[in-house]
Every structure is written in C-alpha cells, then in structure tokens.
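Working notes, structure below.
What follows draws every value from the coordinates through simple rules; no lab data is involved. Just so we're clear, the structure is a prediction, and the values are computed from it rather than from any experiment. Every residue, glycine among them, receives a Cβ derived from its backbone with ideal geometry; neighbour counts consider all protein chains shown.
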Protein chains: 2
Amino acid sequence: LQHLAPLRASVKEYGDLVRALKENGAPKVDIDRAVVELKARKKRLEERELELAPKEAAFDRLKLEDLLRRRFFYDQSFAIYGGVTGLYDFGPMGCAMKANMIDLWRKHFILEEGMLEVDCSVLTPEPVLKASGHVDRFADWMVKDVKTGECFRADHLIKNHAEKLIQDKKTNAADREALVDVLARLEGFNDKDMQQVIKKFHFKSPITGNELTDPISFNLMFPTVIGPTGDFKAFLRPETAQGIFVNFKRLLEFNQGKLPFAAAQIGSGFRNEISPRQGLIRVREFTMCEIEHFVDPNDKNHPKFAKVRDYELTLFSASNQMDGRPAEACTIGRAVDQHTVANETLGYYMVRVHQFLVKVGVDPRRLRFRQHLANEMAHYACDCWDAEILTSYGWIECVGNADRACFDLQQHYKATNVKLTAEKKLPEPKTVQVTEIVPNKGVIGKAFKANAKQVMSRLAELSPKEVEALEREIDSAGKAILAYEGGEAELGAEMLSVKRYEKKVHVEEITPSVIEPSFGIGRIMYAVLEHSFRQREGDEQRTFLTLPPQIAPIKCSVLPISANVKFEPILAAVREELAKHEISFKQDDSAGSIGRRYARTDEIGIPFGVTVDFESEEQPWTVTLRYALTMEQVRLQVSDLGKTVRGLATGRMSWEDAQAMFPKFEQKGDT
Amino acid sequence: LQHLAPLRASVKEYGDLVRALKENGAPKVDIDRAVVELKARKKRLEERELELAPKEAAFDRLKLEDLLRRRFFYDQSFAIYGGVTGLYDFGPMGCAMKANMIDLWRKHFILEEGMLEVDCSVLTPEPVLKASGHVDRFADWMVKDVKTGECFRADHLIKNHAEKLIQDKKTNAADREALVDVLARLEGFNDKDMQQVIKKFHFKSPITGNELTDPISFNLMFPTVIGPTGDFKAFLRPETAQGIFVNFKRLLEFNQGKLPFAAAQIGSGFRNEISPRQGLIRVREFTMCEIEHFVDPNDKNHPKFAKVRDYELTLFSASNQMDGRPAEACTIGRAVDQHTVANETLGYYMVRVHQFLVKVGVDPRRLRFRQHLANEMAHYACDCWDAEILTSYGWIECVGNADRACFDLQQHYKATNVKLTAEKKLPEPKTVQVTEIVPNKGVIGKAFKANAKQVMSRLAELSPKEVEALEREIDSAGKAILAYEGGEAELGAEMLSVKRYEKKVHVEEITPSVIEPSFGIGRIMYAVLEHSFRQREGDEQRTFLTLPPQIAPIKCSVLPISANVKFEPILAAVREELAKHEISFKQDDSAGSIGRRYARTDEIGIPFGVTVDFESEEQPWTVTLRYALTMEQVRLQVSDLGKTVRGLATGRMSWEDAQAMFPKFEQKGDT
C-alpha cells in the first residue's frame, strides 16, 4: 500500500490548495483550474487503488453478458430492425427481477415510511422544465463532422483519440504526457478546454477524417409537441421529481398541511444521450424511483434517526477526497455529529438506502457513499452523497442522495406565482404590523368600469412597501399610476385609503427544503447481477446467480427425475401447492441428467428446486427441496412445500431453518 | 319495452340489407353507405334503451369528481401551470388503487396463466410503426381555422354545431331532420362526408367565426427524435403490443420453441388526442396491460377451455346488433360451438377478462362483450369483442379482445426480412422436392470480385420458382441477369448448377396467429369508481366507495376514540401488528366525532376500521373492527388483528367469516 502514499500526497497538495484559494476568496477561474487538477490527481489515485485491490475471483463480464442475453434477462430493443443504442427490452427474467426490486422498494420505503406515492405524466410542458433549469442546463457538449453532420460526444471523442495517440509509438514524449494529463482532467473540461485540445492535436472525425465543429451544447431531453397545432412544446421528463414538486400543494393538503412528509414516485425517465454505452449503466430510457422528503429548512432532524444512529456506512467525504485519504467506515450518528453529513434526515435516508441495496443483493464491501465536491454539485443541490457501487465498469453512481434545499419549489413559484409554502406554527404568537389598502369600490368601479376588477386585484397584491410608495405618491402628486395586466390606472386619493394595524400571527410561511434520494433501478439491477454472478469451483463453465430469493425472477424449479408418466399426479400436486401460495415456478421436463437441469436453473438464479424422484411415490408423497447456493437438499411432504418455499422466498425463513425442520437428503448427480 | 320494437325493426331492416349486399357482392361504396345507416339506427336504439333502463340510484357524477379531486385520487397534470388537457397525475389514493389493480392483473394473468412478461421501450423507431400500420393509419380528421390555425377534431366540431342548430328555434324542420341524421351517422363519416356537412351548414370556427379548412388527417402518435443528429425519427408507442411482436423470436426461444405461449406487458401508451375530454376515459398518456397469445393458426383450441365452458357472459354479437336485438346471456361453450365467438382461445380470454373485471369491482350487470361489425375492425383484426362497461358516459370500451391473426408478425417480417415463424411438428414426416442452386464459388469470385458475396447471398435467397426461371434463361440465352442490392450480375452456365433431390421434413414453418386482450387501466379504474360510489341511505351528503378490499388504496383505518395519551401504547401495538402483516393503514387522530371520522375513511374506500376505545385497555388489549360497507363491528384482541385484516384484505377471508370468529360489537355514534 505504500505505492499509494505519493499519490495520496499529491492529491492532498491540491486539496489544500483549493481550500486555501477558497478561504482567500481567490477568483473563480483560479479555483476551477485547481479543482480540475485536484480531480485529475484523484482519478489517478483511484485507478491505482483499483489496480491494487484484491480482485473478485475472476469475474468474466462477457460470460455474464452472454448469459443475460441467452436467457433473456434483457437485450437491445428493436434488434430485428438493427437495434437502437441505449434502449433495452427486459425479457421474462429481467422483467420479473425488476418487478421484484420495485416491489421491495415500495415496501421498504413507501409502506414502512408512510410515504405518499404519486404517478405523474411523462409528457412535460416546456415552461415546467424551463423553471427547473433543465431547458437551459441539462446538456452535454458535442462536435459535428463539418461535412457529414455526424455527431460525437466531445469528451468521448477526445478520450478515444487521446488513448490511441498515447499507444502510438510515433507520439513524442511531451505530447504523450500532455495527453495523459488531458485524460485525467477531461471530466472537468468545459467547451473551451475541449476546443483547445481538439485544435492542438488536430483531432478529426473518426469515421471520415473530416474537420470538426467547435463544441456545441446539446440538450439531453427528448422533445415532442402536445396537440395538433405544433406550437405546444413539451419534453419527456428527464426525472420524476418535477411531477412531485408541481403537486406539492395537493400533497401538503393530503397530509393535512403538516410537515415533514415524503412523496415518492416510480416511473420512467428519458435522457437523449449523444452516444450511449456500457449496457444498462447509460441508457436513453430508464426506470427511476425517487423520494422527495419535504422538511422545515430550520429543522432537518428526523424522528427515527435514533434507531439508525449506530449503523455503519463507508463514507468517502469531500474532505477525504481532497486529502487523498480513502473512504472510511463511520456510524451515521458520528458523521452527522461531526457535520460530515449535513443533517439527520439526509443521514437517515443514506442508511435506509444502504439497507435496501444490501437487501436486493449488492455486496456491501463494494458499496460506498461519495460526497460531491462543492463544484460538482448539480445546480439545485446544497449537499449530495452518491451511493456508488463498484462494478467492472468502476465505481458507478446508483443512488443520488441530495439536499435540494428549496430550489425547485421556489423556481416553480417564480414561474407560476402560485405559493408553494407550508405554514409552520410559531412557538408563540408574534405581533406584526399590517399595512393594507382599503379600496373604495364604488369610485373605482365607476372610474374603470370593465377593468375595475383587475385594478382591485392588483391593489390586493401590493406588498407593504409598494403600498407605502403608492400612498406617498398620491399624497405628494395627488395621483399615482398603477400598472395591471392589460393596462394602467390613474389612482386618486378618493379611490382608496390605507389601513395600519397590529395583528397577532400564530404561523409563519416557510418554503420547505427537499431531501431527495433518487434511484436508477437499471444500474442497481446490473450491479446486483455482477455481484451475484458465480462459477462453481472446479467447473468454470457452470455459472450461477446467487440472487437473494426475494429478487430472484423465479422462486422455484420443479424437476421430475424422469419423464415417467406415473410422476404426473405428484407433479400436479406440487404445482397446485406452489400456485396456492403464489410462488412463481418453472417446470423443466426437458431430457438431460438432473445435474444438467439443476445447472440450467442455477444459471438464471432460481434459488430453490423441487425434485420428484422414485421415493416420492410412497404415501404421503414427498419431494426433495434443494438450495442452489449450497446445493444442499432436504426431504419434505408435498403438503409442507408451499408454506416452506413461501417462507424461504420472502426471507421470513432461512435455509438453516428449513434444514432444522426437515431431514437432510443426500443428493446424487448434482455436480 | 314495446317502445323499442319499431326501433329494433328499423335496425334489422338495414342489418338484412347489409347482409344481402354482401352476399350479392355489391360495390363497397354501397355496402359502406348501408352500414352508416345501420349504425345510425343502432345508435338511436341504444340511446332509447339507455333512456328506458332503470337508473342506478341517483348517481351524481359531479359529486364523485369532487371527491376524487378533493381526496387526490387523481387530478389534472401541471395545474399550477394552467394544466394540460388529457394528462392526469395520480395522487396517493389513485396511485395505490392503480398499483393494486395491476398487482391483481399480474397474478390473475401472468402468474396463473404462466405468461412471459416483458418490459419494452416506449421510444419506438419510425420503421417499426410504419410496418405496424400506425404511421399511415393511426389518425383522426381535423379542421383548422384558416386564419388563426386553431385545430378542431372534425367530428366533435360537427357534433357541437349540429346540437346547437337542432336546439335553435330558427332552424327549419328539414334542416333539423338532416342534422339529427348527421349526428346518428357521424361515427361512420369519412373526410368527404364531413366536408359536405361543414359546407352545407356553413360551420365556422366556434372561437373566431372564421372559415375552416377541409378535413386533414392528423396522426395521433407523439413524434420525437433519438440522438443528436435530428434525423432518427421515432414515436412514443401508441400500444405496448409492438414491443412484444419485435421480440417474438426471443420469446419463442425462451419458451423452448413451443407454441402456444402468451407474452404480456404492462406499461404506458401515448396518443396525441386532438381534443381530449371525458376525464380518464380519453387521455393522452395511459397505462395499458396487453397480452399477446401466440397460437397455431390451424388450432386455436385452448387446453383450459373445458374449465370455463359453462361460464356465462353477456354477448352483444354482430348478428344481434344487425338484427336490432339486445345483448344476450350465453355460456362461452355455446358461443364457441355456434361460432358466435371465433375460437376457444378467444373465448377463454373473454371469460378470464370478465372474471378479472368483476374481481376489481365492475358491476357485472353493467358489463357486456360487443362484437365488432366487419367494417369496424381495426386494420389488423379478424374478430374482435370489446368488453364494454356502462358508465355515465355510456358504454365504454375498456378491454379489446382481438384475434389479430398473423398480421403483425408478417408485417415485421416484410419490413426486416427476419423470419418470425415457429416450427410445427408434422403428424408424420413429409417428403418434399428441393430445387437448390449450387454456385461455383471460384468462378463467381473471379467474375464479380468485391460483389461476389452479395451475388452469392442473393442466389441463396431465390425461391424454387426463381431458380427454375433462372435455369431456363441460362439454358436458352446462355446467360441471365440477377439483380442484387447494389447492382446487377450477368450469370453464365459455368457459374452454377442446379441440384434437385427429395428431402424428408419433420416440421413445417408457421406464422402464429395472435389473440390479444388489451386493457385500458385508467378506463377500468374510472368505471370501478363509478360503480362503487354510494350514498348512505337518508344522508346523501355522506358518500362512500365500496371498492373490493383487494383494490382499496388503504386497507385499514386506525381511530383512537379520544386523544387521551393513555391510548398511545395500544395504538402503537395496533400499528406494529398491521405493519408486520404488510397492511397499508391510515391513522386519523383529528378531532371530530368518531362518526365523522368513519365518514372520512368511508369516503376514500377504506374497507376496514380499527377503533381503540375505553374498553381496549383491559388486558388482553382488544379493539373493534368495522366493515365500512355494512357498518357492522366485531371486537377482537390486538394480537388477532394482523392475521384477520390481512385475510379480509386479500379476499381469503370474508366479513361473515370474521363475524363467526369474533363477538359482535354494537357501535355507537356511526350514523
């Protein structure tokens, strides 16, 4: 590990520099430059760490991908039409696995935490996404072939060209060093940085060799139009969160006006990637599960925090990242006490997220929470911890946990003028000065006729300051001009009076803060598949999936030991017993040895297997029950089967429990 | 009912005429004209039938809609931005109800029938929907204001104008009669018919009074583009079915090559309505559940048909419709025997659909299956029975049950040249004559160089007939021209020989037929809400929903009879007991009488209510359990609560069972 020490020191050097620059109020451009270098050094450190880490026993991604395609977990959409990159169809196995994960998510979060689930439209009018910042800022840089118009994501193009040149023996040492440096910094590059690299190294279109345009911003939302006229612009939602924000008032009312409360949504999000890759990790259409927890901005404690205080997480804090130190195990209680994690609510959700990920089959040793550095944060966030999972693609962000503060609600308020606030009871009533206009309705009515209503409603909207300004003007000039929608009104002293009085108020209006855990279900699914992929010792061709029973697409296989028709009544009884207990099962009466058929069911992660054999016929009918992970078997009566498998499949019973209840069966042929 | 006799006779007159025209091979235009008149007469009959039918006790749609909005079952999307017609957001109540319906659907169909569930992309490339016929035929007629460009759905515009003119006292008798006739025929009108009416009656834009354009076809799919170049056209899928068809090969393989099998998909569909209305009935974004059952076109029997043979459905066959006769109760066995329903598989699904609809709360007296008349059928269907539910909007199509024959698979085959067929084992092997080209690779390679590969692959594709034609031409002319993609090749005798031999084949290739039940979940949900909406006798302000417990958004309410803190430990035990059994519940400790709080929970269809009262404190703790439908109560121990409510909520236990197990409790105050 001493290999890493110099790299750690080199990160710390720049971490300290960034801190110093910030403290001294250095210009933003200097800080940004230092951060790019800091990130480059962090990246080199991380790559070295991954190289030195003990490898998971010979994981073979191609073998997993072959299995997933062959047994139709998922595969490219519209393949018979040539396929579309970034779009995947889930087959029966993937679909059941995904449905099981979502079901568990719903129980773990919505049911156990009493959240308000909503299901909002995918089609979203432009003004909503203008307010949320997506129209202006949800974009990537791309470059185009100047002749053919073909598009490339600028950072990908630079990466590919740079890697090739670095390998090229003709590249001189100085260029090679510069290119290595580019690769390390690329993530922090803006359009000008990229432009410079493309010009300096004469990067061309990899397809035609033609010149490239300057980097152009490309918005990643899918555009469409609603209705027949063509002028009602809309997008497919890039996240489900906005649907919750625009329903805030209804949800608050549903919760009888009380804070805090959490709303949740499960649904599709869309992102028009320039060039998607890495399988399920980066796709154009994906299932998200998002929680928006609305809380008093001045009190982000969580009533259940005490219950999780001692739960330990692997935290990779911003300060550890800047100091070149690795992620550390830490109880969430200590992390919040030390202000490493901003508040109890955020900390509580990080624990619940961790529990969920482990429950669905993520290896906890390959799971960490990484805090965003200040300049990494999305435009709306004020603290953010990504649950990252280590896969063969590196550390992948699978759940974002952000404190979005009051950004979204305020933006939608600005755009619509609909107040998105909650009332908070004051500890004791407060006396406030009220300055209020009392219009003389009769005079205004006569003076403005059809427009009187608008004038009146504009008057009612004036802030105390505006009221006072108006009053002063009328006092001094004898009249004042009031602009309202559709016109201007000249107001005289006879039209209104100003009333001033004291009022006792019992509540104050607050714009809630939002804590948001946001799950990418496809990414988590892929990580779980990688983490559960195994090869039998001594037989690497025989692969299997150790999915948690609750997640497994099919819970139980049913295998007659031979095709003899005398087994049929027993098989029918087995099927009925399983169906009665709502257990999904798959009967395999293909030819082939029992061992071969076990292998076929192990491969798709079926955790339990029922075999009807020659002993089964004796009254009362019995079968063997096999646990795929250990290949151990017990023997039990058919009438005990449903209850037992149901218990095992829902996690209410462990395999050890089953072994304690039923006699062991020594298997033959399962090798 | 004798009021209806003349109307029935008038329908039959045209039913007979249509039949006669068809038998005599009359020109299509004459048949179409007769069908329009037939439909007009059918419509008048149906309207009269509905007028005469006994009314469901005073259903008040406004009251229901108010409830659904107020308690956030669902409401218009983006309301704070002014709202978008045809888009709805589901709140906690609607969302849970929808999730419960889908869960039940998954058990009823996917689990019980062993279907293969898939989850495919919403984004669909244009060529896929070109092949399916949607690009050319999924459209409505609209007219535009010639000056402002504002769009109107042509049939809606005609209907509104005509209705107004009919009411107008200045309209003369002849016009009035003509307009009544237009209304009756409108559904069958094409663009020219509509154009004529608009011209004849000088219909103008209802907003500006400006002239209108001729009817223009407007495609109802939402367009978008995939990727950054802007030239990869795509649409949001109008149905989930196409995702299954393009995956047919993978699914067949998953099913080990065997027919029949069924695939199913639950997901969003999109339809860019010109002017949506009628709440959840006609929307732009909706959840569909679709089944595609692939079956041998020559054997559409169903192995489980015997089990449902005696199940009775209300059938409104095409012939009853043409004869002016009403829908009739009929067992599905008889309907298939008499060829009223085309085959067993279609019939089996109609029964399963009926069972599902009744299970989720559709009143079976307001449910019928209506067969499409020959010219009503979608372009792909060869027999179709809609499950129609009677609501305050009339009979609404909620589940389409179509025999799509092999239309879709053949279309995708034509578009992609990928065979979408299954192999069927022949009863006994068959000897066939094979005529095969054996190319002389060396000669072809030399002659065509870079193009040799294309020439060879084109040769391999030739049908036996084409091979023989080619052979004849070379024999007679010494050469023949072969067109291949990208060029033409002049073939000589030295380049190929033709081999003829006999071959024994054991299988034949067939393109499966598809039977498709297609569910509109939002429509069913709305119908269930209407059918379950009730008012307490003697207190019409007190409304409630009698949703089946499995569908109810929340299963149980928890009500302390007073706010006394001494109840808290008992309430905590109740909550824990319910959570342990995964029962969704809502505690209401608002002030107000117990009767008032019961009313609040009844209103949102919570079927069971637990009350903690002063008797509860005695050891062992007891509570009362109330059934909303009957307002009856029993008293039971807290430790029995979870199991009991779980049984009741899943439908495994009836309220009568609970009454037999626990002592009756005489309630006070629930009025």
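Key figures for this structure:
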item: Listed pairs A:LYS130/A:LYS159; B:LYS39/B:LYS98; B:LYS43/B:LYS359; B:LYS12/B:LYS170; A:LYS233/B:LYS144; B:LYS414/B:LYS503 exceeding 23 Å between Cα atoms; result: A:LYS130/A:LYS159; B:LYS39/B:LYS98; B:LYS43/B:LYS359; B:LYS12/B:LYS170; B:LYS414/B:LYS503
item: Shielding by other protein chains, A:267-275, mean Cβ within 10 Å; result: 3
item: Relative contact order (percent, whole number), chain B, Cα cutoff 8 Å, 6+ residue spacing; result: 12 percent
item: Segment B:174-240: translational diffusion in µm²/s, Stokes-Einstein, Kirkwood Rh over Cα pairs, 10 °C, 1.306 mPa s; result: 103 µm²/s
item: Long-range HN-HN contacts of A:THR391 with modeled amide H, under 5 Å; result: A:ILE396
item: 7 Å along Cα→Cβ, label-point gaps from B:PHE232 to other copies, nm, shortest first; result: 2.9
item: In sequence order, calculated HN-Hα J values of segment A:496-513 (Karplus, 6.51, -1.76, 1.60; Hz; x Gly/Pro); result: 7, 10, 10, 10, 10, 7, 9, 9, 8, 10, 9, 9, 10, 8, 10, 8, x, 7
item: Rounded to whole Hz, the Karplus (6.51, -1.76, 1.60) HN-Hα couplings of segment A:9-18, x for glycine and proline; result: 4, 5, 5, 4, 3, 7, x, 5, 4, 4
item: Packing-based ranking, highest mean first, of A:34-42, A:135-143 given that Cβ atoms within 10 Å are counted; result: A:34-42, A:135-143
item: Residue and distance (whole Å) for the chain B Cβ nearest the axis that superposes B on A; result: B:THR224, 2
item: Fewest-first ranking of A:PHE72, B:PHE448, using other Cβ atoms within 10 Å as the exposure measure; result: B:PHE448, A:PHE72
item: Cα shape, the protein assembly as shown, gyration tensor, a/c 1.5 rule; result: rounded
item: Averaged over B:242-250, number of beta-carbon atoms from partner chains that fall within 10 Å; result: 4
item: 10 Å Cβ neighbours from other chains, averaged over peptide B:584-590; result: 1
item: Amide H contacts of A:LEU496 (H built 1.01 Å from N, under 5 Å, at least 5 apart or other chain); result: A:ASN440
item: Sites matching GluC sites (Glu not before Pro) across segment A:86-154 that sit in DSSP coil, with at most 13 neighbouring C-beta atoms within 10 Å; result: A:GLU112
item: Shape call, segment A:539-671: gyration tensor on alpha carbons, a/c limit 1.5; result: rounded
item: Note, ³J(HN,Hα) from phi for segment B:469-477, Karplus 6.51, -1.76, 1.60, rounded to Hz, x at Gly and Pro; result: 4, 4, 4, 4, 5, 5, 4, 7, 9
item: Inter-copy label distances at A:SER593 (7 Å, Cα→Cβ; nm, one decimal); result: 7.8
item: Trypsin sites (Lys or Arg not before Pro) restricted to segment A:252-296 and DSSP loop, no more than 13 other C-beta within 10 Å; result: A:LYS258, A:ARG277
item: Contact order normalised by residue count of segment B:575-671, Cα under 8 Å, 6+ apart, percent; result: 28 percent
item: Relative exposure of A:MET194, B:MET653, judged by other C-beta atoms within 10 Å (fewest first); result: B:MET653, A:MET194
item: Burial ordering of B:VAL623, B:VAL146, fewest other beta-carbon atoms within 10 Å first; result: B:VAL146, B:VAL623
item: Proximal aspartates and glutamates to B:LYS643, defined as alpha-carbon separation beneath 14 angstrom and excluding residues fewer than eight positions away on the same chain; result: B:GLU576, B:GLU577, B:GLU582, B:ASP657
item: Across the identical copies, how the B:VAL432 labels are spaced - nm, sorted shortest first, 7 Å along Cα→Cβ; result: 8.4
